Every structure is written in structure tokens, then in C-alpha cells.
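Please treat every number below as a calculation from the coordinates, not as lab data. Treat the numbers as computed from the prediction; the structure is a model and nothing was measured. For neighbour counting, all protein chains shown are included, and Cβ atoms are generated from backbone atoms with ideal geometry for every residue, glycine included.
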Amino acid sequence: MGSSQNIKEFIDFIGIKTLIITDIDSIRRNDEEDQVEACGENGTSTSNSSIKHFYEDKTWEQLMALEPDERELDIGDASAFIAYQTMEDGYIQKFEDAFYSKINKT
């Protein structure tokens, strides 16, 4: 949900646990051309508005290293868990690949 930060008040109002599944959308700045480009495992930050909103104080390295229990968010009287793919064996899978591989491991 690309605009999960927009429903933050609603999540708090209904007071239920919420799962936010999103893509990491890794990017890096190309200073030579003054552009931002999608880049997979060579990322230096995320362009994902939900991740930037909920983890505004986290660096790229911290986002990649967050353990599942560190992804739980307190939203007023409710809680949420934000799921996104991270680096595994030096590679960030596309969201669909990461989702599929996690399902098949269980």
C-alpha cells in the first residue's frame, strides 16, 4: 500500500493489528547526472513513501538490518508490522520473488 501513512489515523481508530506489505524500492543518486535511479542491491536509500514515513530516522543500512521484531510499529492504540524485502546473500530480490521464496520455505 503506497500510501499506508495516509491511513495511520484509521489504523489507530479501529485499533487492530495491521500488516503493511510493500516493496523496498531501492535507489541511489547519480551525482554526475544529478539523477536518482532504481538500483536493487546497490541502493543507498529507498523511494518508498511508507518506509520513509514510518522509519524516517533509519539509514539504508539500518533498514536492511532490521529484524522482524524491530519492524513492529506502535500506532496509537493499534500496532502494525511493515514487511519489505531485505538483502540476502548480497542480493535484493524483487518483491514477488522474495514473497514466493518465503512461502516455499515454510
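A few comments on the model shown:
- Label-point separation in nm, Glu9 to Asp74, each point 7 Å along Cα→Cβ: 2.2
- Karplus (6.51, -1.76, 1.60) ³J(HN,Hα), θ = phi - 60°, over the stretch 43-50, in Hz, Gly and Pro reported as x: x, 10, 6, 10, 9, 6, 5, 5
- Neighbours of Glu70, meaning other residues whose beta-carbon lies under 13 angstrom from its beta-carbon, give a summed charge of -3 when Lys and Arg score +1 and Asp and Glu score -1.
- Label point distance in nm, Asn42-Asp89, each placed 7 Å from Cα along Cα→Cβ: 2.1
- Under-5 Å amide H pairs with Ile24, H placed in peptide plane, nonlocal only: Gln85
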